[in-house]
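Encoded as structure tokens, the structure appears first; notes follow it.
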Amino acid sequence: MDSNEFEKHMRRQEYFHTLRCLPGAWVVLRLDGRGFTKFTERAGFEKPFDLKFQGLMRQTATALLKELHGIYAYTESDEISVLFRRDWDLFDREVEKLVSLSAAIASATFTLVSQHIVHFDSRIWLGTDKAQVVDYFRWRQEDAARCALNGWCHWTLRKEGKAPAEAMHILSGQSLAFKNELLFQRGINFNAVPLWQRRGTGIYWERYEKAGYDPQHEVEVVATRNRVKIDEELPMKDAYGMFIRALLDANEAM
Ligand SMILES: Nc1nc2c(ncn2[C@@H]2O[C@H](COP(=O)(O)OP(=O)(O)OP(=O)(O)O)[C@@H](O)[C@H]2O)c(=O)[nH]1
Ligand SMILES: [Mg+2]
């Protein structure tokens, strides 16, 4: 075998390297913190929710949005979803690159800003039409609402002195009404907890006008720029679906 053949032969075993995201599909990367149940406890973040922790997740999501040229990032709990235009062609849509580099960017960013070494995993979700993408984000938002209610119930019981297994037993198989009532009896109105806890946080580009001065022509000028908006008051259900739909329409490939 000459060296050229040897090279080809060995490369063939980079078996997944030719895998690419379906052309024309909407891509969502979803990242999730590894072992964050233990990590958040060890690092002393407030349970069930800690705005400082959420701030770190938002910084991480913003880094992904910027670095990978996304159009929308959504974060809830220890996960981040990042949406890309259907004609997005970063790294030629190579699966290995997208998954490994997104996990690297998230892990490095969170580690740097928090001063704790953490890891994120990453996976790809593909949507072949806009309705599927709307469903995807509604799905993650429903997960946020469910986890928020469970988290509030679980930690309220724990703070009363119940053991983890006991708290889980009390909540197991119970209805939404039961859980809302459990909190209400303890002076917590779940509908009044901050919206970001129940609905997650959206991060996207917004245009704004920046006033400046053109020294050459000696006139005031207004330039249009893009900046990242952190939306802590996302709409929910159908209204959230319409919000996502509008974002997709605005970013439709030509
Ligand atoms: N203290 C605290 N914990 C949080 C907060 N947001 C999310 N978490 C925790 O992050 C964990 C996320 O759950 P999972 O991703 O299912 O569990 P994990 O331990 O990360 O496990 P793997 O993802 O499978 O590695 C839960 O235990 C949440 O309680 C927060 O604001 N404060
Ligand atoms: Mg996790």
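Which residues, taken from the stretch 191-236, are of a type in the set (F, W, Y) and in contact (Cβ under 8 Å) with a residue 12 or more places away in the chain? Before you say what the answer is, go through the steps one by one.
Restricting attention to the stretch 191-236, the residues satisfying the condition of being of a type in the set (F, W, Y) are 196, 204-205, 208, 213.
Scanning the stretch 191-236 gives W196, Y204, W205, Y208.
Which condition does A103 not pass, out of (1) within 15 Å of ligand 2 (Cβ to nearest atom); (2) not in a helix (DSSP H, G or I), if it passes all the others?
That leaves (2) as the condition not met.
Before we move on, is Q59 at pLDDT 95 or above, open to solvent by 30 Å² or more (accessible area, probe 1.4 Å) and in a helix (DSSP H, G or I)? Walk me through it before giving the result.
Numbers: at pLDDT 95 or above: yes; open to solvent by 30 Å² or more (accessible area, probe 1.4 Å): yes; in a helix (DSSP H, G or I): yes.
Yes; evaluated as a whole, the condition is true for this residue.
Does D2 count as exposed (fewer than 14 other Cβ atoms within 10 Å of the Cβ), modelled with pLDDT of 95 or more, away from ligand 1 (no atom under 15 Å from the Cβ) and not hydroxyl-bearing (S, T, Y)? If you could, list the steps in order and put the result at the bottom.
Numbers: exposed (fewer than 14 other Cβ atoms within 10 Å of the Cβ): yes; modelled with pLDDT of 95 or more: no; away from ligand 1 (no atom under 15 Å from the Cβ): yes; not hydroxyl-bearing (S, T, Y): yes.
Taking the combined requirement at face value, the residue does not satisfy it.
Considering only residues that are open to solvent by 60 Å² or more (accessible area, probe 1.4 Å) and in contact (Cβ under 8 Å) with a residue 40 or more places away in the chain, which ones fall in the stretch 92-109?
Listed by number, the residues that qualify are D92, E96.
So F53 ticks every box in (1) under 23 Å from S100 (Cα atoms); (2) within 16 Å of ligand 1 (Cβ to nearest atom); (3) in contact with a Ser or Thr (Cβ under 8 Å, 6 or more places away or on another chain) but one. Which box is left unticked?
Going through the list (1) under 23 Å from S100 (Cα atoms); (2) within 16 Å of ligand 1 (Cβ to nearest atom); (3) in contact with a Ser or Thr (Cβ under 8 Å, 6 or more places away or on another chain), F53 breaks only (1).
Please go through the stretch 22-71 and pick out each residue that is of a type in the set (G, A, S) and either away from ligand 2 (no atom under 15 Å from the Cβ) or over 24 Å from L126 (Cβ atoms) (or both). Write out each step before concluding.
Residues of the stretch 22-71 that are of a type in the set (G, A, S), as a first pass: 24-25, 33, 35, 43-44, 55, 61, 63, 70.
Of everything in the stretch 22-71, those that are of a type in the set (G, A, S) and either away from ligand 2 (no atom under 15 Å from the Cβ) or over 24 Å from L126 (Cβ atoms) (or both) turn out to be G24, A25, G35, A43, G44, G55, A63, G70.
I'm checking my understanding of the structure. Among residues of the stretch 20-47 that are under 20 Å from W88 (Cβ atoms) and within 16 Å of ligand 1 (Cβ to nearest atom), which one is most open to solvent (accessible area, probe 1.4 Å)?
R30
Quick grid of which residues meet (1) farther than 21 Å from Y204 by Cα; (2) open to solvent by less than 80 Å² (accessible area, probe 1.4 Å); (3) away from ligand 1 (no atom under 16 Å from the Cβ); (4) in contact with an Asp or Glu (Cβ under 8 Å, 6 or more places away or on another chain):
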| position | (1), (2), (3), (4) |
| --- | --- |
| E7 | yes, no, yes, no |
| T18 | yes, no, yes, no |
| H69 | no, no, yes, no |
| D78 | no, yes, no, yes |
| L90 | no, yes, yes, no |
| T111 | yes, yes, no, no |
| V118 | yes, yes, no, no |
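Does M1 qualify as being aliphatic (A, V, I, L, M), assigned to a helix (DSSP H, G or I), over 30 Å from T75 (Cα atoms) and out of contact with any Ser or Thr (no Cβ under 6 Å at 6 or more places or on another chain)?
Values: aliphatic (A, V, I, L, M): yes; assigned to a helix (DSSP H, G or I): no; over 30 Å from T75 (Cα atoms): yes; out of contact with any Ser or Thr (no Cβ under 6 Å at 6 or more places or on another chain): yes.
It is false that M1 is aliphatic (A, V, I, L, M), assigned to a helix (DSSP H, G or I), over 30 Å from T75 (Cα atoms) and out of contact with any Ser or Thr (no Cβ under 6 Å at 6 or more places or on another chain).
If R123 passes every condition in (1) buried (at least 20 other Cβ atoms within 10 Å of the Cβ); (2) within 14 Å of ligand 2 (Cβ to nearest atom); (3) not in a helix (DSSP H, G or I) but one, which one does it miss?
Result: R123 fails condition (1) only.
For the stretch 171-254, give me every one of the helices (runs of 4 or more DSSP H) that falls completely inside it and has 3 or more residues that are open to solvent by less than 60 Å² (accessible area, probe 1.4 Å) and within 21 Å of L68 (Cβ to Cβ). Full working, then the answer.
Working: elements: 176-184, 195-199, 237-250.
Per the criteria, 237-250.
Could you identify the single residue in Y208, Y204 that is at pLDDT 95 or above and among the hydroxyl-bearing types (S, T, Y)?
Within the list Y208, Y204, the selection yields Y204.
Can you pull out every residue in the stretch 136-153 that is open to solvent by 30 Å² or more (accessible area, probe 1.4 Å), touching a residue at least 40 places away in the same chain (Cβ under 8 Å) and either touching a Leu at 6+ places or on another chain (Cβ under 9 Å) or more than 30 Å from A108 (Cβ to Cβ) (or both)? Break it down stepwise before answering.
Narrowing the stretch 136-153 to residues open to solvent by 30 Å² or more (accessible area, probe 1.4 Å): 138-139, 142, 145-147, 150, 152.
Narrowing the set further to residues that are touching a residue at least 40 places away in the same chain (Cβ under 8 Å) leaves 138, 145, 147, 152.
Matches in the stretch 136-153: R138, A145, W152.
The values are calculated or read from the model by the stated rules, or taken from the named source; none is laboratory data. Small disclaimer: the values here were computed from a predicted structure and weren't measured. Cβ sites come from the backbone with ideal geometry, for glycine too, and all protein chains shown count toward neighbours. Just the protein is used for accessible areas: all its heavy atoms, side chains included, with ligands, DNA and RNA removed. Shrake-Rupley method; radii C 1.70, N 1.55, O 1.52, S 1.80 Å.
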